[in-house]
Amino acid sequence: MKMSLKACFLICLTLFVCVFQGYSQSKVPRTLTGNSGKSIETYGIKQEILGTWMGRSSWKDIADANWLMVEGSGAPKWKREHFDRPMDVGVPLIPTDSKNEFNELLKESISGSQDSTYISLGRNLAKYCSKTVYARLWWEFNMYPVKQDANLFVKAWQRAVPLIRKGFKQQASAGQTLHIVWCTNAGQPNPEPFYPGDNVVDVIGSDTYGMTWGDSDPTAEQIIRRIIKEPYMLEWQAKFADQHKKPTCIGEWGNVAKKGNKVQDTHGIGDCPEYIDAIYNWTKTCKYGCIYVCYFNLPDGGILTTLDEQPESVKRLKVRAAAGK
């Protein structure tokens, strides 16, 4: 049977597309799973990344990367035992716990008077962290109510990041790398006016918890609909990252406890394996990949539950973490 030139061309084109798609997919790395708080290795899940934070009470805290040198931060032990595994660090842009007005602190940053602070911060991130560092700079900057001016935020970020990178490079050991994460508090208020530009952002992140805000507990369906579909949640994050040709991450995520009829609070349903699936299913929608998801395994900050109370979620997490998707 003779084949027309058109048929041959279509077959060759189809084969090329299939091979190219397979190659492209293979270039997107699997999503790493980690945690802050109690290690997921307690439940038989490999901890591929450590989540921690540093102090933000003063400019000195920032210069010293205060807390990272303390065993309680988890960083010293992680560096000793898992230097080749990455760290996610919540890094302040300004000392937001200093009780000073945010815009005045941002102006101080923009003026250049804290340039040496940022260089020192970069050096200490290299000194205290592992081989690969993801710095979530002013994580959850759009937490309601937003107290800082977006233009000042952007200018301060643009001044600080090159200096942090410079300090890191000065101190870094061979092969040690720093990645700057722009990490929203998923949802309203709109974070887009705070985007400082592609040259000073490496990863588009979010903190996305399994909960709704209100007066009563939600259903699993309501949680999942919220985290995926509502404005500036996960569907938005993936599209925004794709537009800027950036990979994504989730710096904090976790099930939230039931709280009954407690008004104006965060409400979850506790053990919710459907939420675990929703997070990993979402990672596959990110064109440039989702580098990591770091489970917040602490009862702090209104979460009021950990994986210790979530047996079904632990089972689901084992499966999805092992696959990395």
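The values are calculated or read from the model by the stated rules, or taken from the named source; none is laboratory data. If you're wondering where the values come from, they're calculated on a predicted model, not measured in any experiment. Ideal geometry is used to build each Cβ from the backbone, glycine not excepted, and the neighbour counts take in all protein chains shown. All accessible areas refer to the heavy atoms of the entire protein, side chains included, with ligands and DNA or RNA removed. Shrake-Rupley method; radii C 1.70, N 1.55, O 1.52, S 1.80 Å.
Please state, as a whole number in µm²/s, the translational diffusion coefficient that the Stokes-Einstein equation yields for region 176-276 at 20 °C and 1.002 mPa s, with Rh defined as the Kirkwood radius across alpha carbon pairs. It comes out at roughly 148 µm²/s. Using just its DSSP H runs of length 4 or more, each adding -39500 (n - 2.57), the chain gives a mean residue ellipticity at 222 nm of -12000 deg cm²/dmol after division by all residues. Close amide H contacts of L137 (hydrogens built in the peptide plane, cut-off under 5 Å, sequence separation of 5 or more or a different chain): V91, V181, C183. Ordered by solvent-accessible area of protein heavy atoms (1.4 Å probe), largest first, the residues R136, R80 come out as R80, R136.
Restricting attention to region 83-169, the count of lysine pairs at 8 or more positions apart or across chains with alpha carbons under 19 Å apart stands at 10.
Taking amide H atoms as placed 1.01 Å from N in the peptide plane, the amide H of Y292 lies under 5 Å from those of L32, I250, each 5 or more residues away in sequence or on another chain. Accessible surface for the chain, divided over its residues, is 47 Å² per residue with a 1.4 Å probe.
Considering only the other residues whose Cβ falls under 11 Å of the Cβ of N261, what net charge follows from Lys and Arg at +1 and Asp and Glu at -1? Intermediate values should be presented prior to the final figure.
Details: positive: K258, K259, K262; negative: D215, D217, D265.
For residues surrounding N261, the net value is 0.
Residues in region 291-303 carry Karplus couplings, in order, of 5, 7, 10, 10, 5, 7, 9, 9, x, 6, x, x, 6 Hz; the curve used is 6.51 cos²θ - 1.76 cosθ + 1.60 with θ = phi - 60°, and Gly or Pro positions show x. Bridgeable lysines around K246 (alpha carbons under 19 Å apart, same-chain partners fewer than 8 residues away excluded): K27, K284, K287, K325. Here region 167-232 has an Rg and Dmax of 17.1, 52 Å, counting Cα atoms alone.
Sorted largest first by accessible area at a 1.4 angstrom probe radius, with every protein chain in place, the residues Y134, Y292 fall in the order Y134, Y292. Just the number, please: Stokes-Einstein D of region 109-225 in µm²/s, Kirkwood Rh from C-alpha pairs, 25 °C, 0.890 mPa s. Translational D for this selection: 155 µm²/s. Rounded to whole Å, the principal axis extents of the Cα atoms in the chain read 80, 50, 40, largest first. Report, in whole Å, the centroid distance computed from the Cα atoms of region 293-325 and region 67-82. Value for the Cα centre distance between the two parts: 22 Å.
In a Debye calculation with equal point scatterers on the alpha-carbon sites of region 78-167 and no solvent, what is log10 I(q)/I(0) at q = 0.10, 0.18, 0.25 Å⁻¹? At q = 0.10, 0.18, 0.25 Å⁻¹ the computed log10 ratios are -0.28, -0.81, -1.27. Partners of K60 within straight-line reach, counting aspartates and glutamates whose Cα lies under 20 Å from its Cα and excluding those fewer than 8 residues away in the same chain: E71, D97, E101, E104, E108, D115. In vacuum, with every alpha carbon of region 23-172 counted as one equal point scatterer, what does the Debye formula give for log10 I(q)/I(0) at q = 0.11, 0.12 Å⁻¹? Two decimals, please. Per q value, in the given order, log10 I(q)/I(0) is -0.46, -0.54.
Each residue was assigned an accessible area with a 1.4 Å probe, and for V28 the value is about 50 Å².
Can you pull the percent of Cα pairs in region 253-325 with separation above 21 Å? Walk me through the numbers on the way to the answer.
On the way: 783 of 2628 pairs.
Of all Cα-Cα distances in region 253-325, 30 percent exceed 21 Å.
Nonpolar atom fraction for the chain, defined as the carbon and sulfur part of the 1.4 Å probe accessible area, stands at 56 percent.
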